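Notes for the one structure printed next.
The values are calculated or read from the model by the stated rules, or taken from the named source; none is laboratory data. Quantities reported herein were computed from a predicted structural model and do not represent experimental measurements. Heads up, the Cβs are rebuilt from the backbone with ideal geometry, glycines too, and the neighbour counts pull from every protein chain shown. Each accessible area value is taken on the protein alone, full model and side chains, heavy atoms only, with ligands, DNA and RNA left out. Shrake-Rupley method; radii C 1.70, N 1.55, O 1.52, S 1.80 Å.
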Amino acid sequence: IGTEYSDGTIRNKIAAGQSRAAIYLANLITCSAALLLMHLAALLAIVVIGIPLVGNVEEEPQTLLLLTGLSLATVLAVSALFLLLAMLVNKKSVASVAALLLAFGLLMASMTINFRLQEPEYYPTYSSSLGENGTIQDEAQTPERNPHYLEETKREVYAFLDELLPSSQFLHISQQEVAAPLR
């Protein structure tokens, strides 16, 4: 896309009467086809190399197909986002740096959101004492409330962002913890 800008191809397409939406859609179809081929090549490599080295897959075929489809949809969503960025920024180097920063920022945001959502509401507390025969005895105490636990509305916002961000979806797919695949 950056080369199209620098060579003036996009300017010529617009001058010839093409809309930016049509140009974006054509580029999206091209990028999606290339991503599909790369995704299938990666899956083929995983099957050819991974199964002999690691062993058979323990997951059910339906689960594997679901995770594969979800990962492909997520890759296509990220591709559409980066393609939009590449078409909005006409300098190739700036678009590349912005895409890298966006990818890194999305990954950090999704990891932070994931950690915050997994925080327990209460921490277990114990007290240790030295027993009569010199052994250490642990006694469970009343659990202590976690001050960093997300409450009500804030938790809902974090959960929404967790489902919205493609990088969070990648994390859930890689951990095989997809709770609501249709969302």
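Computed values, structure above
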| read-out | value |
| --- | --- |
| Pairs where the first residue, in segment 49-71, is surrounded by 10 or more Cβ atoms within 10 Å (Cβ to Cβ) and the second is at pLDDT below 85 and of a type in the set (Val, Ile, Thr), C-beta under 6 Å, 6+ apart | LEU67/ILE173; LEU70/ILE173; SER71/ILE173 |
| Hits in segment 2-37 - residues which are surrounded by 11 or more Cβ atoms within 10 Å (Cβ to Cβ), of a type in the set (A, V, I, L, M, F, W, C) and over 31 Å from the mean Cα position of the chain (by Cα) | ILE14 |
| Residue under evaluation SER79, criteria (1) hydroxyl-bearing (Ser, Thr, Tyr); (2) over 30 Å from THR9 (Cβ atoms); (3) within 23 Å of the chain's Cα centre (by Cα), criterion not met | (2) |
| Meets criteria (surrounded by 12 or more Cβ atoms within 10 Å (Cβ to Cβ) and under 30 Å from GLU151 (Cβ atoms)) for ASN114 | yes |
| The lone exception for GLU139 - which of (1) assigned to a loop (DSSP other than H, G, I, E, B); (2) exposed (fewer than 12 other Cβ atoms within 10 Å of the Cβ); (3) of a type in the set (D, E, K, R) it fails | (1) |
| Residue among SER127, SER96 that is touching a residue at least 12 places away in the same chain (Cβ under 8 Å) and either under 30 Å from MET38 (Cβ atoms) or surrounded by 13 or more Cβ atoms within 10 Å (Cβ to Cβ) (or both) | SER96 |
| Residue match in segment 155-170 (condition: in a loop (DSSP other than H, G, I, E, B), in contact with a helix residue (DSSP H, G or I) (Cβ under 9 Å, 6 or more places away or on another chain), in contact (Cβ under 8 Å) with a residue 60 or more places away in the chain and under 29 Å from PHE82 (Cβ atoms)) | no |
| Breaking point among (1) surrounded by fewer than 10 Cβ atoms within 10 Å (Cβ to Cβ); (2) of a type outside the set (A, V, I, L, M); (3) assigned to a loop (DSSP other than H, G, I, E, B), for PRO120 | (1) |
| Criterion (in contact with a Phe, Trp or Tyr (Cβ under 8 Å, 6 or more places away or on another chain) and hydrophobic (A, V, I, L, M, F, W, C)) met by exactly one of LEU101, LEU182, LEU117 | LEU117 |
| Count of segment 150-175 residues which are open to solvent by 70 Å² or more (accessible area, probe 1.4 Å) and either under 19 Å from LEU76 (Cα atoms) or among the hydroxyl-bearing types (Ser, Thr, Tyr) (or both) | 5 |
| Boolean, ASN133 is closer than 30 Å to LEU25 by Cα and either in a loop (DSSP other than H, G, I, E, B) or in contact with a Lys or Arg (Cβ under 8 Å, 6 or more places away or on another chain) (or both) | no |
